Structures are given as structure tokens and as C-alpha cells.
Amino acid sequence: MFEREDHFIGGAWLPAAGSEVLEVVSPSTEDIVGRVPVATTGEVDAAVAAARRAFDEGDWPRLSLDERAAYLRRFVDALETRREQAITLQTDEMGATRKFAVENFDGIRPSLERLISDAGTIKFREVRDGVVGDVVVVLEPVGVVAGVTPWNSPIAVELSKIFPSLLMGCPIVVKPAPECPLSAYLIGEAALDAGLPEGLISIVNGGVEVGAHLVEHEGVDFVTFTGSPGGGRAIAAACAARLRGVTLELGGKSAAVVLPGTDMTPYVPALIGGSLRNSGQICVSTNRVVVHEDDRDRVVGQLVERLSAMKVGDPHEPDTDFGPVAAERQRDIVERFIASGLAGGAKVVAGGGRPAGHDKGWYVEPTVFVDVDNKMEIAQEEIFGPVLSVITYADVDEAVAIANDSKYGLGGAVFGNDTEEALAVAERIVTGTVQVNGGPAAGGGGPFAGRKQSGLGAERAVEGLESFLRPKSMALPAGYRQAAG
Ligand code: NAD
């Protein structure tokens, strides 16, 4: 049982002022595994005020990139001393399999290093030819950032806000999802161990009200949100009313296109990983598998065979492939979608129900539907569960049209015998990222920027870092030439 009665505000542990608590129920055992306080509006105000002081009066925005990077590397060192606890807590609070939690945790240092090297390519100051004389263009930190995050990968998503924000010189107040507030405590502990200056990171727990108070706060300059399209819309509206910048990483309904005649033998693990990893609770999950009508039975056969060899069970066990979904209401949603697919005429060829032997826990079997029409609800709506729909096409133009017939535009995948041919099809898919022949999800080191209802703005890479910067032009008098620097 993980119990805390304090908040990490402005770089210190402060006893909670309010009496409201979040009780965290394990998705695999249904036992209470944690209890932490909900931040009051006064505590959110204190967090924003600390960030404001760090930005307006502190050294952080003026430190060099190397100095900020050194602090963040020390922070990761400190977090890594808590590796086992971080992995177990995420498995406890969201039912993530140990495999998934390990993979996410071990990706933290490489993702920081990647950002640091991307940041090194940004021209923070340059002298350009202006209309009359030189103009000095500088990129300045945007200010105090609010980060609001979902439950499906807690530490990794929280750090996907914290790293770029701090690296670009901006203090941040993070509000984790109420379902998964436990592991964020380790971020506070690591920040203290690493000696991060006061005010740079605060963590305020709670639900929509706490999030709304934070994003609407007059002391906040920029909001970075990951979550549902509904949450994103509300936050974008709050930011619009205050003329405040915002990036939104929202939902998806991505397609994996298998080109005609593709030998999927080397790619079946990538196809299953891309569509059903974390029990399908991944925004870029490619859970519409778009396959040529002549190849359907072969590809479905390979999928089902591999799935039947994968383990559904206790997410704490190191060889478990599929744990429960994260909440009882999430299982209700998934089961409602499965019923909708069946009612619409789709056929289940794997899973479709609750696995045997699990009286406790919110388990749903990994499920494969065939005979799915792309107009069906299961092909149009984000299920956020372990449900994959196989949709057939007659020619590649139709495959592309099916992939693009979605209100979302987040991820995607193309598999083909020829990687150049697969890349050419990937270019026709209207989404922010596409995996080609098993390439990594979510941009693989490039920017991550949803189209349509999947988001606004970019995260990761130079484009994501630049969200945390604002340009300023200092125009010099006619004929004046400034030494470059
Ligand atoms: P959610 O939108 O319900 O909540 C996300 C966070 O926003 C939570 O912390 C919540 O308390 C807060 N929130 C919600 N409405 C708010 C409001 N009006 N004002 C302030 N804060 C508010 O999403 P969820 O159910 O936690 O997460 C699942 C969703 O997240 C899925 O749609 C999934 O696709 C999406 N997601 C997207 C990405 C991505 O990078 N694109 C990654 C992970 C998850």
C-alpha cells in the first residue's frame, strides 16, 4: 500500500491542506493499493506561484542548455535508483504489464538524451538580414507551463511534458490522471535528490476540477495536454479564452495497412505489439488492420496463432503479455464495443470475452474481429482496449481510403515486401506518424503531431521543443551589421 499525505509543490513536500483523497484500486486485484491527497485550489495556486517565481526571478531560464541538461541527467540518475518501485507502482495503479512498464521506464534515459541532442540543433539566437539593417532573432522560453496527463503510461507521459519544458527553460506544474497518481511521487523524490532548483516541478493530484483550475490559472503561460478528445476540446477552449498557447495529444483510431501479398511472418509481433500492447490502451494503437481480401485468411491465421501463444494474466508476472484494462468503467466500455461489433455483423475469431480464471480484476481477452466494415462503430471509435478489427480491401487505393476514413489522424503502419513501396503508401496516410515495416511508433525520434481530431501542435523532436519557445526579433538601425553569434 502506497500512502502519502503530502504534495510536491515548488520543490518541497508540503503536508496536504485538504481532506479529499484519491484511492487507487488495483485493476488486477481490485484491492486498494494507494491513497494520496487531492490538491486544493490553494495548493494549485502555490504550485503556480512557485513556478512563476522560478521563471520570473530564478536562474533557470537563463542557464545554458548544457547546464539544464546536466540537471536533468542527474534527475534521471535519481529516478533510476527507484526503478523497481516505479515499475511496480505503475503495474499496481494501472494494471500495466511488467514488460510494458519496464520498456517504458528503460526508455526514459534514451528519450531525454534524444531531446538534449535535438535541442542542441536549435538556433536560440541568430542574426538575420532584416529589411533595413540586421535583426537579431532569439528564441525565449514561453514561461510557466501546465502539463495535464492521462493514465495509460503515467511516468513516461509526465516526463514527456517535464523534459522538454525544463530543457527549454520553463518551470512546470503537472497534474497526473486521478487513476494513476502514485508513481508521480517518485518524480518529486528524484527532483529533490537531483537538487533541481526550487519551483521547477510541482505535482498536483486530482480530477477534472484540479486540472481546470490549473489550465485556467492566470499565472500559466502555456498548456501541454495529453488525453481524450473531449478533455482536449475543453482545455483548448479554456486556453482560447485566455489567448494562451496549447498543444494537444489526443486519441486515435489508427490503421495498419498490409500491402497485397506481404509475407507477414517477420512482422506479426510488430503488428500485435502496435495494435494490442498495453491491452490496446495506447493512443497510437493500430487496431484497424487493413488487409487485401485474398490475404485475409493467411494474415488472420498468423495473428490468431501468435495471440493464442501469448499470456493473459497477472501483470506483475514478468512473462505476462496482457493484463487487465485500467478501470472497471474501461472494461464496461470495451465490452460495450464488443457487443456493438457483434450486433453490427462482425465476427469474433479470437477472444471476445473475459478470460477464464480471473474472478478479480478487469480483464478482457485480446479480441480479433473479422468481417468489419470501416463504417462500423468498432472501426470508427477509439475503444482503448484489446480489440482489433480486420478490414479487407480490393486494391491499394481502397486500402488508403479506408485508413484515411477516420475522424482521427494520429498513427498508422504500413507493411509490404518492399520498404520503398510501403513508404510511398505511408506518405498517402493522413496522420502525424506512420510506422513502416515495423519501424517504431509515435515518430521514432521525429515529431509526434496528430492531425484532425488527434491533436494540435507537436511533441518530441525539434518541433516539439519549439512549442516551449517564443521568438523575439530585435531590429537594428538601417545599415547596422551585428557580429554573428
Ligand atoms: P482524459 O481526457 O479523461 O483525462 C486526461 C487528463 O486530463 C486527466 O488528468 C484528467 O483529469 C484531465 N482532464 C480531463 N478533462 C479536463 C478538463 N476539462 N480540464 C482540465 N483537465 C482535464 O483522458 P484519459 O481517459 O485519462 O486518457 C485516455 C485518453 O488519452 C485516450 O483518448 C487516449 O487516446 C489519450 N491519449 C493520447 C496520447 C497521445 O499522445 N496522443 C497518449 C496517451 C493517451
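Values for this structure:
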item: From Ala255, Ala237, residue being over 20 Å from the mean Cα position of the chain (by Cα) and among the aliphatic types (A, V, I, L, M); result: Ala237
item: Pro178, sole failed condition from (1) modelled with pLDDT of 95 or more; (2) in a loop (DSSP other than H, G, I, E, B); (3) within 16 Å of the ligand (Cβ to nearest atom); (4) surrounded by 24 or more Cβ atoms within 10 Å (Cβ to Cβ); result: (4)
item: Condition check for Val135: more than 10 Å from the ligand (Cβ to nearest atom), more than 28 Å from Glu382 (Cα to Cα) and in a strand (DSSP E or B); result: yes
item: Set Ala394, Ala422, Ala458: member being within 14 Å of the ligand (Cβ to nearest atom) and either touching a His at 6+ places or on another chain (Cβ under 8 Å) or at pLDDT 95 or above (or both); result: Ala458
item: Matching residues in segment 281-310 - criterion: being surrounded by fewer than 24 Cβ atoms within 10 Å (Cβ to Cβ) and assigned to a helix (DSSP H, G or I); result: Arg296, Asp297, Arg298, Val299, Val300, Gly301, Gln302, Val304, Glu305, Arg306, Leu307, Ser308
item: Set Glu103, Glu67, Glu126: member being under 24 Å from Leu167 (Cβ atoms) and not in a helix (DSSP H, G or I); result: Glu126
item: Gly479 vs. criteria of a type outside the set (D, E, K, R), under 27 Å from Ile383 (Cβ atoms) and not assigned by TED's automatic domain parsing to the domain that holds Ala69; result: no
item: Selection status of Leu79, over 30 Å from Gly357 (Cβ atoms) and in a helix (DSSP H, G or I); result: yes
item: Failed condition for Gly464, given (1) surrounded by 18 or more Cβ atoms within 10 Å (Cβ to Cβ); (2) within 16 Å of the ligand (Cβ to nearest atom); (3) closer than 13 Å to Val284 by Cβ; result: (3)
item: Selection within segment 220-254 - among the hydroxyl-bearing types (Ser, Thr, Tyr), near the ligand (Cβ under 9 Å from one of its atoms) and more than 25 Å from Pro171 (Cβ to Cβ); result: Ser228
item: Residue identified as of a type outside the set (Lys, Arg), in the same structural domain as Ala39 (by TED's automatic domain parsing) and in contact (Cβ under 8 Å) with a residue 40 or more places away in the chain among Gly261, Gly219; result: Gly219
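For (1) outside the structural domain of Asp373 (by TED's automatic domain parsing); (2) closer than 25 Å to Pro366 by Cα; (3) in contact with a helix residue (DSSP H, G or I) (Cβ under 6 Å, 6 or more places away or on another chain), each residue gets a yes or a no:
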{"residue": "Val215", "(1), (2), (3)": "yes, no, yes"}
{"residue": "Gly230", "(1), (2), (3)": "yes, no, no"}
{"residue": "Ala237", "(1), (2), (3)": "yes, no, no"}
{"residue": "Asn278", "(1), (2), (3)": "no, yes, yes"}
{"residue": "Val284", "(1), (2), (3)": "no, yes, no"}
{"residue": "Val289", "(1), (2), (3)": "no, yes, no"}
{"residue": "Asp297", "(1), (2), (3)": "no, yes, no"}
{"residue": "Leu303", "(1), (2), (3)": "no, yes, no"}
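The values are calculated or read from the model by the stated rules, or taken from the named source; none is laboratory data. The shown structure was predicted, so the numbers you read here are calculated from the model rather than taken from an experiment. Ideal geometry is used to build each Cβ from the backbone, glycine not excepted, and the neighbour counts take in all protein chains shown.
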